[in-house]
Amino acid sequence: MQPSPQTVLVITSVEDVHADLVIEKLNERRVQVVRADPGDIGTGLMFDVCLGDDQVEWAGRLRTPSRDIALEEVGAVYYRRPTPHSARFAHLPAVEREFAVTEAQHGLGGVLRNLRTTRYVNHPAAINAADYKPAQLRVAARLGMAIPPTLITNDVAAARKFAAGYGPIIYKSFRGAPRSPDGQVAAIWTQRVAEETLDDSLAVTAHLFQKEVAKTADARVTVIGRTVFASRITTPGGALDWRSGDWEQLVHDPVDVPEQIIDCLHAYLDHFGLVFGCFDFALESTGERAPDRWTFIECNPNGQWGWLPDSDAMAQAFADLLLEGWWP
Amino acid sequence: MTTATAWGLAQATEPLPKDGPLYATAVLDPATQLARFYDAAGAIVDMGDKKKAVTVTKSKGGGGDGSGKSNPVADDSNSDG
């Protein structure tokens with residue numbers, strides 16, 4: 001007899017405020033929730049699973065200080081932002097650390113991404129695949145969405161030629177600036193490129209340049225299952241990158257997403273095996289009373305959304321999506 | 001071997017000003033599985049209004065399986081022109 005699902009497994013760190021918003025909604029639905037951080041592996045997280053004989057799905061226990069659950073009874077996984085194993089094992093010598101990290105990734109991580117349930121929001125493998133900007137832009141373009149002309153290169157000559165053909169151009173990093181050893185964080189905001197600054201130091205690594213879109217606003221479209229939330233975002237100074245200013249000054253207004261775009265977003269998520277995504281668009285005015293032109297910028301498959309005006313409804317949508325089809 | 005700083009990294013801002021810590025400790029409530037945040041004096045910190053503060057540049061990177069491949073970076077989507 002198949003075990004009946006009864007648990008939502010929330011994989012994230014204890015500091016994750018976004019997860020709290022969804023867990024509150026799940027608690028209201030009276031489903032069992034277990035919040036587990038793979039980074040706690042050790043006495044803070046124990047597990048044992050078996051496969052074989054007539055058992056074709058991993059079955060066994062996952063134990064945290066506050067829960068002891070049967071993994072085969074997990075009905076859905078809400079995958080958020082677990083603590084990196086490298087942090088958990090930072091105290092170990094290099095070889096021991098690398099061994100423990102890799103074994104935990106493949107053993108615990110491998111089990112958690114291969115549970116009996118197929119309801120992952122989102123599956124970590126899908127998140128990884130969809131995290132690459134070259135993949136995002138390619139899929140968006142193939143689906144017919146407008147994207148900015150884009151160059152990825154480490155060749156300064158190619159960058160100069162692109163700037164000459166498409167200027168003004170902007171630069172954006174793929175992943176941002178790493179944290180420095182002393183813990184300081186810098187930002188690499190999306191920024192306009194002064195062509196004369198392009199030099200041979202581009203050769204060091206990959207760089208992404210795009211034609212600047214003459215936008216009048218941004219749009220954030222958050223898709224959770226079949227539910228679409230959208231905000232038009234404007235900044236008092238018309239900043240190129242709205243993250244660079246005072247978030248309190250951002251103006252959020254409701255915006256209608258064109259049906260054609262919505263269809264593309266669902267197709268985009270389907271392509272990557274995602275059920276949730278945070279899409280960013282640049283909006284260009286095409287004239288008074290004319291609809292804005294929507295240009296796809298990117299999609300964060302594990303984005304933050306708690307700062308948006310609809311966050312309470314979004315949390316409900318996550319709970320609905322997680323419980324759909326198996327919980328009353 | 002090229003030893004120059006990558007052009008892109010040279011476009012980074014100065015280190016962002018450090019906000020005061022939002023909380024001193026985070027503890028999981030066993031019954032609800034919700035996090036409870038406390039300041040250094042042990043008083044509860046209401047994170048309800050601090051969602052923005054944990055959204056940009058301060059939180060862990062997404063994706064992976066706790067692998068630590070992702071740096072803690074400006075982690076929400078870029079917006080550009």
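Before moving on, here are some points about what is shown:
- Efficiency of FRET from Cβ geometry, A:ASN114 and A:THR216, R₀ 51 Å, rounded to 0.05: 0.65
- A straight line joining the Cα centroids of the range A:193-239 and the range A:23-53 runs 37 Å.
- Taking the Cα centre of the range A:149-211 as reference, the dipole from Cβ charges on Lys and Arg (+1) and Asp and Glu (-1) amounts to some 300 debye.
- Full-stretch length increase - A:ASP256, A:GLU96 - with 0.36 nm per residue and alpha-carbon distance subtracted: 52.3 nm
- Taken along the Cα-to-beta-carbon direction at a fixed 7 Å, the label points for A:ARG289 and B:ASP46 span 4.8 nm.
- The label point for B:VAL27 and the one for A:ASP155, both projected 7 Å from the Cα toward the Cβ, are 6.0 nm apart.
- Cα-based equivalent ellipsoid, the protein assembly as shown: semi-axes from gyration tensor eigenvalues, Å: 36, 25, 22
- Placing a label point 7 Å from the Cα of A:CYS50 along the Cα-to-Cβ direction, the residues of the range A:66-93 whose backbone N falls under 17 Å of that point are A:69-73.
- Fluctuation leader among A:THR102, A:THR205, A:THR83 - chain A, Gaussian network, Cα springs under 10 angstrom: A:THR205
- Of the trypsin sites (Lys or Arg not before Pro) found in the range A:1-97, the ones in coil according to DSSP and having at most 13 other Cβ atoms within 10 Å of their Cβ are A:ARG30.
- Distance between the range A:105-174 and the range A:253-325 - C-alpha centres, whole angstrom: 17 Å
- Within the protein assembly as shown, antiparallel bridges make up roughly 80 percent of the DSSP beta bridges whose residues both belong there.
- For A:176-185, mean number of other protein chain Cβ atoms within 10 Å: 6
- Taking θ as phi - 60° and the Karplus parameters 6.51, -1.76 and 1.60, the scalar couplings of the range B:32-39 work out to 9, 6, 8, 7, 10, 10, 10, 8 Hz in sequence order, x denoting glycine and proline.
- Inter-site label distance for A:ASP200 and A:ASP68 at 7 Å from Cα along Cβ, in nm: 6.6 nm
- Taking amide H as placed 1.01 Å from N in the peptide plane, the amide H of B:VAL45 sits under 5 Å from that of B:PHE37, B:TYR38, B:ASP39, each at least 5 places away or on another chain.
- Which of B:THR25, A:THR118, A:THR197 has the fewest Cβ neighbours within 10 Å, and the rest in rising order: A:THR118, A:THR197, B:THR25
Quick note: the coordinates plus some simple rules give every number you see, no bench work behind them. Quantities reported herein were computed from a predicted structural model and do not represent experimental measurements. In this analysis, Cβ positions are derived from the backbone assuming ideal geometry, glycine residues included, and neighbour counts consider all displayed protein chains.
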